[in-house]
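This report concerns only the one structure given below.
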Amino acid sequence: MTFEEATHYLFSSFPSFEKSGKTGINEGLRITRDFLQVLGNPHLKLRCVHVAGTNGKGSSSHFLASILQEAGYKTGLFTSPHVKSFTERIRINGVEIPEQVVVDFIVNNRTTLDQLKPSFFEITTVMAFEYFASQHIDVAIIETGLGGRLDSSNVIEQPIVCLITNIGFDHTEMLGNDLPSIAAEKAGIIKAGRPVVQSESNTAYNAVIKTKADELKAPLAIAQDRWTANYMVWKNGIGRIELDDHFSNKKYDLQTPLAGIYQTNNLCGVLETCRVLRAEGFNINHESIGRGVSLVLTNTHMKGRWQTLSLDPLIICDAVHNISGWQQVLYQLKHMPKPCSVMILGFSSDKKPEQFIDTIPAGTKVIFSNFQNKRASNPQALCEYALNRGLEAYAVENVNEALSTSIVLHPEGSFIFVGGSIYLLSELNNI
């Protein structure tokens, strides 16, 4: 079996949220636990940081992995979805899982796969745990896929620390229609007696997380109670962020290519998590944090988070997949040194793309594009909706063709934004 055959088998033979939405998920943890049991429970051999949240869990996971790598630890990183290759989901010190290891996992477990009928995400979760255990890593950063309580990754029994980054409206058909309900699902990763960090304070759901932590006697720290973060400047694809620790009077002046203003909230949670990790015996110093934050793209190769694709013309992309994230993008657009004149957008139909379009600033030219996923919204329908809202709008089927069109449309002294679904960004040639 080749790698291409192995990944085709994974994508075509097992249900996935990426393909089918809610119907692509097996509820509960039984199948994941049964699969891990067959393999000797490799997850129990790992020291894990477990990360959940609506927005920010990917960036925070990559920041933590980069910092721990700079601190000298052999660090595993499990995230989803991937942008270009399946192997991006599972990395050790930034190096993707070898294709042959993926092939061997599928070949060696065909009988189990046929018997248990796991989902795509359950398979990748188990694969990550087995690979990390086989490589004797020091620590694993494990990002939940969706939710927390019933996420496949929630088989972790004794995490070093749990991090809950942000609670917002996404996947409401599965997680609930209000913030307390969604928070309850995310808080499902909290384990008895183990520390938990909450990146952002919000009166809408603070009590839900605190109640769960108190119930399990899990020490809870709200990062924004300790840290203040100020976004200082964006320049040439790099954001500068200052963080102050109120309790120790320590200050961090950080520069990062994950340059979105929203990273201020994420970095509060990341630095508080680092403080907890130090209390748990990890040697993470000021220099490791600075290097880890500045070298996050080099160390972990994250893609699509306020990423600069080009400086001339200036093109920035961001995988903004829900309305709360979109509001953060709109805020960032107002604070850029150049105005955004053209947007290239593509959304999954279940994200209610009309609510994004309704808030696009007047005068912005918008190109709607497609991507290879049956959940993709029809770009022509979105274009017509935008035209009826008074926007100058176009529909271009391929995102790379849309990018060529945008370069012609955008005036000197402005920039181009590409955003929406991660699946749209995955089809960019230069990401």
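The values are calculated or read from the model by the stated rules, or taken from the named source; none is laboratory data. Computed from a predicted structure; not experimentally measured. Note: ideal-geometry Cβ built from the backbone for every residue, glycine included; neighbour counts use all protein chains shown.
For the subset of segment 276-301 comprising residues that are among the small types (Gly, Ala, Ser) and not in a loop (DSSP other than H, G, I, E, B), which member is surrounded by the fewest Cβ atoms within 10 Å (Cβ to Cβ)? Break it down into steps so the answer makes sense when it comes.
Keep residues of segment 276-301 that are among the small types (Gly, Ala, Ser), which gives 279, 281, 288, 290, 292, 294.
If we keep only those that are not in a loop (DSSP other than H, G, I, E, B) too, we end up with 279, 288, 290, 292, 294.
Numbers: Ala279: 12, Ser288: 20, Gly290: 17, Gly292: 26, Ser294: 18.
Checking each candidate, the answer is Ala279.
Considering only residues of segment 411-426 that are surrounded by fewer than 19 Cβ atoms within 10 Å (Cβ to Cβ) and in contact (Cβ under 8 Å) with a residue 12 or more places away in the chain, which is farthest from Asn236 (Cα to Cα)?
Pro411
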Quiz item: Do the conditions hold for Val95, that is, is it out of contact with any Gly (no Cβ under 7 Å at 6 or more places or on another chain), free of Cβ contacts under 8 Å to residues at least 24 places away in the same chain and farther than 28 Å from Ala183 by Cα?
Solution: yes
Self-check item: Residue in segment 118-139 that is modelled with pLDDT under 95, small (Gly, Ala, Ser) and at positive phi present
Solution: no
Exercise. Give me a count of the residues in segment 379-403 that are assigned to a loop (DSSP other than H, G, I, E, B) and of a type in the set (A, V, I, L, M).
Key: 2
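Can you name the residue in segment 46-73 that is of a type in the set (Ser, Thr, Tyr) and part of a loop (DSSP other than H, G, I, E, B) and is also farthest from Glu280 (Cα to Cα) among such residues? Spell out how you get there, then give the answer.
In the first step, residues of segment 46-73 are kept if they are of a type in the set (Ser, Thr, Tyr); the result is 54, 59-61, 66, 73.
Still in the list and also part of a loop (DSSP other than H, G, I, E, B): 54, 73.
Numbers: Thr54: 26, Tyr73: 14 Å.
Within segment 46-73, the match that is farthest from Glu280 (Cα to Cα) is Thr54.
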Practice problem: Quick one: count up the residues across segment 1-15 that are farther than 18 Å from Thr112 by Cα and at pLDDT below 90. | Solution: 0
Practice problem: Check off (1) surrounded by fewer than 22 Cβ atoms within 10 Å (Cβ to Cβ); (2) modelled with pLDDT under 95 for Leu391 and give me the number that stays unchecked. | Solution: (2)
Quiz prompt | Test: residue in segment 80-90 that is in contact with a Pro (Cβ under 8 Å, 6 or more places away or on another chain), charged (D, E, K, R) and either crowded, with 22+ Cβ neighbours inside 10 Å or outside any strand (DSSP E or B) (or both) | solution = yes
Quiz item: Quick one: what pairs do we get from segment 186-214, first residue assigned by TED's automatic domain parsing to the domain that holds Leu267 and of a type in the set (A, V, I, L, M), second in a loop (DSSP other than H, G, I, E, B) and at pLDDT below 95, C-beta under 7 Å, 6+ apart or different chains?
Solution: Ala187/Gly148; Ile189/Gly148
Quiz item: Which residues, counting only those in segment 82-141, are in contact with a Phe, Trp or Tyr (Cβ under 9 Å, 6 or more places away or on another chain) and small (Gly, Ala, Ser)?
Solution: Ser119, Ala128, Ala140
Quiz item: Is it true that some residue in segment 388-395 is without any contact (Cβ under 8 Å) to a residue 60 or more places away in the chain and under 28 Å from the mean Cα position of the chain (by Cα)?
Solution: yes
Practice problem: Scan segment 148-166 and report the pairs whose first residue is in the same structural domain as Thr203 (by TED's automatic domain parsing) and whose second residue is at pLDDT below 95 and in a strand (DSSP E or B), with Cβ atoms within less than 8 Å and a gap of 6+ or a chain change. | Solution: none
Quiz prompt | Candidate set: segment 191-221, residues that are more than 18 Å from Ile160 (Cα to Cα) and among the hydroxyl-bearing types (Ser, Thr, Tyr); chosen: the one farthest from the chain's Cα centre (by Cα) | solution = Thr211
Quiz item: Residues of segment 233-252 being within 23 Å of Leu311 (Cβ to Cβ) and in contact with a Gly (Cβ under 8 Å, 6 or more places away or on another chain), which ones?
Solution: Val233, Gly239
